[in-house]
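*Asks:* One structure, as structure tokens, below. Some questions next.
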Amino acid sequence: MKRTPLYEIHKSLGAKLVEFGGFEMPVQYTGIIEEHLVVRKKVGVFDVSHMGEFEVRGKDALSFLQKTTVNDVSKLHEGRVQYSAMCYENGGIVDDLLVYHCGDHYMLVVNASNTQKDFDWLQSHVSGDVDLKDKSDSFALLAVQGPKSLQTLQKLTSVDLSKIEYYHFTRGTVAGVPMIISRTGYTGEMGFELYLESNAATCSTIWQVIFDAGKEYGIAPIGLGARDTLRLEMGFCLYGNDIDQTTHPLEAGLGWITKLNKGDFLGKPALVKAKEEGLKRRLVGFTLKEKAFPRHGYELKSNSTSIGQVTSGTFSPSLEYGIGMGYVSAAFSEPGSSIEIVIRGKGIPAQVVKLPFVQKS
Amino acid sequence: MNFPANLQYTKEHEWIRVEGDAGWIGITDYAQGELGDVVFVELPSVGTKLQQGKTFGTIEAVKAVSDLYAPISGEVLELNKEIQSTPELVNKEPYDKGWMVKVKIANASELASLMDVESYKKLIAK
């Protein structure tokens, strides 16, 4: 199993470590609820160095990415980030990803558990002057997230962080270490993601100076457990749960990143057809106010007829009740629809709601 | 992790503390740690007859759900009402304020099939 450059720190902090995407990762330090609320109210730091990073260079890099991703890469300019997805010919999703325009090249950030699959798939579609490289082992990635993230990091850099807009990035130094400072995250909070050299000594130093800077704000380390509850409160999809090769971006609510008018791309004919025929099912969010919680794989019903399955579900630490997402027949996808979740053999009433579950200002 | 010597344990990570013909039941420190933050405990009502080895309730944690197995057969005499409003007691004090049910032990000879603390420690060390 792989380890991130911060493995020793996680161990010394007493983190509970689990296998995730081929890495030994911290799932929690003190408890999911406490860590979750630190990110919502203060500032938390995640080691997400397991994520995969690819570089795409060459004069045909743009046309290659236009063909392999669903969003319009021509709209990017240097310093901009784009959320996107890659699709198979049948419209099923290979992975969701971030595309960074770095001036003379692009950087793709993919899910850890898909790194090799994505790389092989992309490589199989390379044509012309395209140089695709897997740089995952060269990058460490720290996500600093929460309302106090800007104040924390601003103490450590001369870059004016307040000038970096959402889904933009810049290169700069934090505590003297060169890195990519990206105004992105998976929590719904103000936050930054820092891409730096994957070196244990450098990473440990950066980790420590960030914690020193954030001490007055109550900074804490956050594990993958809270990362999952934070993203779910925002209705963000998780590959392997809410999206995979059997789901397509339109039914997953990712129509906004799927630019059917940008020209040809892999999966487009299938997606155009699905749109013309009308979506048969949609990914929706639902809440239940009873003391029962939806879990991945639970059946969704209406009048004792099966209408779908839960893809993600949890107790929401912010709302203190159960929230979940799942695909339901189009007839039940409108907010306000009443559905049932089968929990231990009983149908528990739930309501379809508009996403996100937690409104951020 | 803490495992009191005056308790008996199951392989599903429940404990029972016996006083006369009454038994207090809860989950172990190891079990609460594995589950993570407990947010709800579903328990049977007073008067329910538990059967050794059978499920008698459910624990919902943030990320996981787990069944509770009866260490012993017997009638439920009392529920811990405090954990209904403050389920985190199961995490913080699994052997004290985090207890779940008190039962009237139906057949004390069943206790012989439970583990003592040393056997339980060996089980979780595996």
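*Asks:* Sorted by packing (mean other beta-carbon atoms within 10 Å per residue), highest first, where do B:75-82, A:58-65 land? Display every interim value, and only then the final one.
*Replies:* On the way: B:75-82: 15.2, A:58-65: 17.6.
Put in order of decreasing packing, that is A:58-65, B:75-82.
*Asks:* Shape call for segment A:128-209 from the C-alpha gyration tensor, a ≥ b ≥ c root eigenvalues: rounded (a/c under 1.5), prolate (a/b greater than b/c) or oblate?
*Replies:* oblate
*Asks:* For residue A:201 and residue A:173, compute 0.36 nm times the residue count separating them, minus their Cα-Cα distance, and round to one decimal in nm. Intermediate values should be presented prior to the final figure.
*Replies:* Values: separation 28, 0.36 × 28 = 10.08 nm, distance 1.62 nm.
That works out to 8.5 nm of additional length.
*Asks:* Just tell me which lysines come within less than 24 Å, Cα to Cα, of residue A:67; anything on the same chain fewer than 8 places away is out.
*Replies:* Of all the lysines, those that pass the test against residue A:67 - Cα under 24 Å, at least 8 places apart if same chain - are A:59, A:75, A:117, A:133, A:135, A:259, A:262, A:268, A:273, A:275.
*Asks:* Using a Förster distance of 41 angstrom, determine the FRET efficiency expected from the C-beta separation of residue A:215 and residue B:1, and round it to 0.05.
*Replies:* For R0 = 41 Å, the calculated efficiency reads 0.90.
*Asks:* Related question: With runs of 4+ DSSP H residues as the only contributors, calculate the mean residue ellipticity of the protein assembly as shown at 222 nm using -39,500 (n - 2.57) per run, divided by the residue total and rounded to the nearest 500.
*Replies:* Only helices count here, giving -5500 deg cm²/dmol.
*Asks:* Which residue fluctuates most in the GNM of chain A (Cα springs below 10 Å): A:41, A:135, A:273?
*Replies:* A:273
*Asks:* Pick from A:182, A:127, A:149: which is most flexible by mean-square fluctuation in a GNM of chain A where alpha carbon atoms under 10 Å apart are linked?
*Replies:* Highest fluctuation among the options: A:127.
*Asks:* Take every Cα pair under 8 Å in chain A that's 6+ residues apart, average their separations, divide by the length, and report that relative contact order as a whole percent.
*Replies:* With pairs under 8 Å counted, the relative contact order is 18 percent.
*Asks:* Hey, another quick one. Using alpha carbons only, what's the Rg to Rh ratio of segment A:280-361 with Rh from Kirkwood? Display every interim value, and only then the final one.
*Replies:* Numbers: Rg = 11.5 Å, Rh = 12.3 Å.
Ratio of gyration radius to Kirkwood radius: 0.94.
*Asks:* For segment B:8-107, what are the per-bin percents of Cα-Cα distances with bins 5 Å wide, up to the bin holding the maximum?
*Replies:* Over segment B:8-107, the share of Cα pairs per 5 Å bin runs 3, 15, 28, 28, 18, 7, 1, 0 percent.
*Asks:* Based on the alpha carbons, how large is the Rg to Rh ratio for segment A:102-152 when Rh follows Kirkwood?
*Replies:* 1.10
*Asks:* Please identify, among A:254, A:13, A:132, the residue showing maximal mean-square fluctuation in a Gaussian network model of chain A using a 10 angstrom Cα cutoff.
*Replies:* The residue that fluctuates most here is A:13.
*Asks:* Averaged over every viewing direction, what's the projected area of the C-alpha convex hull for segment A:262-303? Give it in nm², one decimal, please.
*Replies:* On the way: hull surface 22.0 nm².
Mean projected area for segment A:262-303: 5.5 nm², to one decimal.
*Asks:* Continuing with this model, one more query. What is the calculated FRET efficiency for residue B:77 to residue A:11, with r their C-beta to C-beta distance and R₀ = 51 Å, to the nearest 0.05? Display every interim value, and only then the final one.
*Replies:* Working: r = 44 Å, r/R0 = 0.87.
Efficiency computed from Cβ-Cβ geometry: 0.70.
*Asks:* Sticking with this one: Of B:77, B:5, B:111, whose Cα points farthest to the positive end of the dipole of chain B (charges on the beta-carbon: +1 Lys, Arg; -1 Asp, Glu; origin at the Cα centre)?
*Replies:* The Cα lying farthest towards the positive end belongs to B:111.
*Asks:* Could you pull the Cα extents of segment A:200-353 along its three principal axes, largest to smallest, in whole Å?
*Replies:* 55, 48, 23
*Asks:* What are the semi-axes of the equivalent ellipsoid for chain A, taken as the square roots of 5 times the Cα gyration tensor eigenvalues, largest first, in whole Å?
*Replies:* Working: eigenvalues 207, 156, 58 Å².
Calculated on Cα positions only, the semi-axes equal 32, 28, 17 Å.
*Asks:* Per-residue HN-Hα couplings for segment A:75-88, Karplus 6.51 cos²θ - 1.76 cosθ + 1.60 at θ = phi - 60°, whole Hz, x for Gly and Pro?
*Replies:* Once θ is set to phi - 60°, the couplings for segment A:75-88 become 7, 6, 10, 4, x, 10, 10, 9, 7, 8, 8, 10, 10, 6 Hz.
*Asks:* Provide, in order from the shortest bin, the percent of all Cα-Cα pairs of segment A:63-197 in each 5 Å bin, continuing until the bin that contains the maximum pair distance.
*Replies:* 2, 9, 19, 22, 19, 14, 8, 5, 2, 0
*Asks:* Cα centroids of segment A:247-290 and segment A:31-98: how far apart, whole angstrom?
*Replies:* Using only Cα atoms to place each centre, the spacing works out to 18 Å.
*Asks:* What does the extension gain come out to for residue A:2 and residue A:62, with contour length at 0.36 nm per residue minus their alpha carbon separation?
*Replies:* Full extension of this stretch gives 18.4 nm more.
None of the figures in this text is laboratory data; all of them are computed from the coordinates on show. Since the structure is predicted, the reported quantities are computational estimates derived from the model, not experimental observations. Positions of Cβ are generated from backbone atoms using ideal geometry, with glycine treated the same way; all protein chains shown enter the neighbour counts.
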